[in-house]
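Working notes, beginning with the structure itself.
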Amino acid sequence: MLVLTKKTGYGLIAMAHLAALDGDRVSSAREIAESSGVPAGLLMNVMKELCSAGYVESVRGAHGGYRLARRPGDITLAELVEVVEGPPRLVECVTDQAGERECTCELMARCPIADPVHRVHRKLNDLLKKVTLAEIVDPSKGVLSESSSGHMAE
């Protein structure tokens, strides 16, 4: 089963919360945690990672907190997952680094599913690169919207 970790989920919740703020408003990690019901301690750690990666800015002071450093439409799900967890991998034998495939699996040379699984991995990564934070905040836009036939839009 392919599952995002709680840490990634909390990061997405925080980013969606910040994307919904008006203007230059900021929100503290504690405010985000309380409004969404996630553990404040873990959320604070995730916010530090997002801040050091340049996705959020920290505003100091009595009325400080966090705000997005980039527009929601310019932040992809692939980027957020990578900041929090590292590059997404469908299977252990996929270690795509800048287009290079390295495999440590001893079965790779004769594995009957390696090529199809690697193709699925690439398609999954391509989809994650198309989904933006703006779409997570408003799923009716872009890749996540459903067409009238009930299928996800391409």
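Being over 14 Å from the mean Cα position of the chain (by Cα) and either at pLDDT below 95 or under 29 Å from L127 (Cβ atoms) (or both) holds for only one residue in K48, K6, and it is K48. For segment 8-44, filtering for residues that are surrounded by fewer than 16 Cβ atoms within 10 Å (Cβ to Cβ) and under 12 Å from V84 (Cα atoms) leaves 2. Filtered by the rule that a residue be under 10 Å from the mean Cα position of the chain (by Cα) and either modelled with pLDDT of 90 or more or of a type in the set (D, E, K, R) (or both), segment 73-119 gives I75, T76, L77, A78, E79, L80, V81, E82, V83, V84, E85.
One residue stands out in segment 1-56 among those that are part of a helix (DSSP H, G or I) and touching a residue at least 60 places away in the same chain (Cβ under 8 Å): the one that is nearest to L90 (Cα to Cα), namely T8. Looking across segment 120-139 at every residue that is surrounded by 13 or more Cβ atoms within 10 Å (Cβ to Cβ) and acidic (D, E), the one that is farthest from the chain's Cα centre (by Cα) is identified as D138. What about R70, is it at pLDDT 90 or above and among the charged types (D, E, K, R)? In short, yes. When M152 is tested against (1) modelled with pLDDT of 85 or more; (2) on the phi < 0 side of the Ramachandran plot, just one condition goes unmet, and that condition is (1).
Is it the case that segment 23-43 has a residue that's under 17 Å from V131 (Cβ atoms) and either of a type outside the set (A, V, I, L, M, F, W, C) or at pLDDT below 95 (or both)? Checked segment 23-43: no residue is under 17 Å from V131 (Cβ atoms) and either of a type outside the set (A, V, I, L, M, F, W, C) or at pLDDT below 95 (or both).
The values are calculated or read from the model by the stated rules, or taken from the named source; none is laboratory data. Here the structure is a predicted model, which means the values were calculated and not measured. Quick reminder, even Gly has a Cβ in these numbers, built from the backbone with ideal geometry, and neighbours come from all protein chains shown.
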